[in-house]
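Novice: Have a look at this one before I ask anything.
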Amino acid sequence: MSNGNVHDFAERLAFSHAAGAEEAAWVRFYQDVWPTATVIVRIDAKSKYQEIGIDRHVYLPGGKILAIDEKVRDPIKAVDRDGDPYDDILIEEFSVWLGERHPKNKVGWTLDPHKQCDYIAYAIPRLNRCYLMAFELLRLAAAARLDEWKRLRDRKGRRCYPLDALNRGYQTRNCAVSWERLTAAISEQSVRSYGSGNLALPVPIIQTKQAVFEWSGDDE
């Protein structure tokens with residue numbers, strides 16, 4: 001655990017107050033979601049963990065370790081021209097966008113198949129809200145629906161795409177998606193067809209005191 005500091009919740013909460021309000025808010029959020037969690041780890045230093053999309057580990061009593069990527073909607077930029085806070089999710093198509101078909105464009109966190117986090121925790125401080133999403137379902141939903149989302153406008157008629165954020169020497173490219181639309185797409189990815197729909201038990205073969213069923217494999 002050399003890439004992060006390990007604390008129990010009492011120690012972590014004390015540290016979070018010293019570290020600032022944002023860390024305190026994250027600690028309270030994880031306590032609310034997983035009240036029986038035993039330990040949390042914040043990945044403080046630049047490391048391989050962060051390269052694969054892990055900012056936090058949450059340890060559960062049964063031994064399971066959850067890997068989480070934390071996103072925060074910039075409180076300064078999270079208000080529109082009318083002063084209303086944005087309540088949508090910025091789906092990052094490119095984390096490095098240098099132009100159409102540029103060879104150094106880099107896929108964004110939403111679509112990156114190499115990320116190894118279990119969840120995305122997407123906080124919007126202006127709304128006092130944080131969304132928790134299973135990453136792989138989110139990635140599949142974005143891959144399936146992004147082209148559709150790019151053509152949409154929000155409830156005030158503003159284009160949802162492209163929304164670019166400037167950085168030093170490059171920019172990120174994003175698409176704004178409402179929580180309702182995003183969760184519908186995630187739910188869609190959670191259900192698939194299965195079998196022929198006409199599954200029936202074959203006639204059993206009685207062996208001693210057991211009934212044995214043998215399928216022909218037609219429904220595989």
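Throughout, read-outs are computed from the coordinates displayed, never taken from laboratory work. Please read these numbers as outputs of a predicted model, since none were measured by experiment. Neighbour counts are summed over all protein chains in view; Cβ atoms, including those assigned to glycine, are modelled from backbone coordinates with ideal geometry.
Novice: Can you tell me the FRET efficiency between VAL107 and ASP164 if r is taken as the Cβ-Cβ distance and R0 is 22 Å, rounded to the nearest 0.05?
Specialist: With a Förster radius of 22 Å, E is 0.90.
Novice: In nm, give the distance between the simple-model label positions of ASP84 and GLU100, each being 7 Å from the Cα along the Cα-to-Cβ direction.
Specialist: 3.3 nm
Novice: Between ALA21 and VAL191, what length comes free when the chain is fully extended (0.36 nm per residue of separation minus the Cα-Cα distance, one decimal in nm)?
Specialist: Roughly 57.3 nm would be gained on extension.
Novice: Arranged from highest to lowest average of other beta-carbon atoms within 10 Å per residue, in what order do the peptides 124-130, 187-193, 147-153 appear?
Specialist: 124-130, 147-153, 187-193
Novice: While we're looking at this one, here's another question. Take peptides 172-181, 104-113 and line them up by average Cβ neighbours within 10 Å, highest first, as a rough protection proxy.
Specialist: In descending order of packing, they fall as 172-181, 104-113.
Novice: In nm, give the distance between the simple-model label positions of LEU152 and LYS46, each being 7 Å from the Cα along the Cα-to-Cβ direction.
Specialist: In this crude label model, LEU152 to LYS46 measures out at 3.6 nm.
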